[in-house]
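Reading through the structure tokens given below for one structure.
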Amino acid sequence: IAKHQQVGVEEALINLAVATNGRGKVINQAMSAKHIDHLVEFPHAIVSTDGVGYGEKFVTTGGYDHPSCFGAMTRLFTRYVKERAMPIEVAIAKITALPAAQLNLKDRGYIKEGYRADMVIFDPEEIKTDATYRQPAMYAEGMDTVILNGHIIMAQGVPLHKNEGQLIISS
């Protein structure tokens with residue numbers, strides 16, 4: 001952008017902030033697939049995304065963001081469970097029990113009486129994502145039902161566009 005505008009990097013950033021009313025985004029690939037492979041396969045590694053959840057308006061208006069917003073967890077199952085033979089129980093723990101323990105969330109991470117009902121019912125053979133940098137807002141395939149805080153937010157693969165999430169502050 002700076003080269004195109006024939007200005008310094010700092011001025012280009014200021015121009016971008018002004019032009020987007022402070023809503024400019026930068027998508028940066030800071031890690032290689034090799035590094036991610038090594039980290040994900042580490043036994044105590046949790047898998048998460050800094051991607052943001054979006055509503056239907058974002059999807060239908062063609063807003064742009066990182067494909068991990070729609071495909072990070074799906075890629076865990078396609079790349080590491082299906083392609084690299086990571087046990088499915090290990091992959092599930094990396095996105096449920098391990099992060100809940102790390103963040104000291106007492107009522108999440110397991111299917112257990114008294115815990116929050118956060119569950120995804122999916123077919124491990126059918127799960128896949130087509131989210132890319134050019135088309136990041138692509139729902140994953142193979143997902144049947146998503147339950148968040150005990151509320152069904154996806155049924156038979158169709159998002160119900162309910163907002164049942166909540167802000168979690170770990171202690």
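The values are calculated or read from the model by the stated rules, or taken from the named source; none is laboratory data. It should be emphasised that the depicted structure is a prediction, and the values quoted were computed from it without experimental measurement. Glycine also receives a Cβ, built like all others from the backbone with ideal geometry; neighbour counts cover every protein chain displayed. Side chains included, ligands, DNA and RNA excluded: accessible areas come from the protein's heavy atoms. Shrake-Rupley method; radii C 1.70, N 1.55, O 1.52, S 1.80 Å.
Might you work out the accessible area of Ile121 for me, using a 1.4 Å probe with all protein chains in place, and round it to the nearest 10 Å²?
90
Let me cross-check Asp123: its accessible surface, 1.4 Å probe, with only protein heavy atoms counted, in Å² to the nearest 10?
Looks like 60 Å² after rounding.
Any idea of the accessible area per residue across the chain, 1.4 Å probe, to the nearest Å²?
Per-residue accessible area for the chain comes out at 71 Å².
At 222 nm, what helix-only mean residue ellipticity would the chain give, in deg cm²/dmol to the nearest 500, using -39500 (n - 2.57) for each DSSP H run of four or more?
-8000 deg cm²/dmol
Please pull out the direction-averaged projected area of the range 71-171, using the convex hull of its alpha-carbon atoms, in nm² to one decimal place.
Mean shadow area of the hull around the Cα atoms is 7.2 nm².
Could you sort Lys94, Lys34, Lys128 by their accessible area in this structure, using a 1.4 Å probe and putting the largest first?
Lys34, Lys128, Lys94
Once both axes come from the Cα atoms, what is the angle between helix 9-19 and the longest principal axis of the chain, in degrees from 0 to 90, rounded to 10?
Result, in degrees: 80.
Sorting Val90, Val9, Val146 by accessible area (1.4 Å probe), largest first, what list results?
Heavy-atom accessible area, descending, gives Val9, Val90, Val146.
Of the listed values (1) 19.1, 59; (2) 23.4, 84; (3) 18.4, 61, grab the one calculated as Rg and Dmax of the Cα atoms in Å from the structure here.
Of the listed options (1) 19.1, 59; (2) 23.4, 84; (3) 18.4, 61, (3) comes from this structure.
Give me the dipole magnitude in Debye, nearest 20, for the chain about the Cα centre, with unit charges on the beta carbon: positive for Lys and Arg, negative for Asp and Glu.
With only Lys, Arg, Asp and Glu charged at Cβ, the dipole is about 320 debye.
Pick out which of His66, His35, His161 has the largest mean-square fluctuation in a Gaussian network model of the chain, springs linking Cα atoms closer than 10 Å.
In this elastic network of the chain, the residue with the biggest mean-square fluctuation among His66, His35, His161 is His35.
So how much accessible area does Val18 have, in Å² to the nearest 10, using a 1.4 Å probe?
The accessible area comes out at roughly 100 Å².
Return the subset of Lys82/Lys106; Lys82/Lys162; Lys3/Lys34; Lys34/Lys112; Lys34/Lys94; Lys34/Lys82 for which the Cα-Cα distance in this structure is over 27 Å, preserving the input order.
Check vs 27 Å cut-off fails for Lys82/Lys106; Lys82/Lys162; Lys3/Lys34; Lys34/Lys112.
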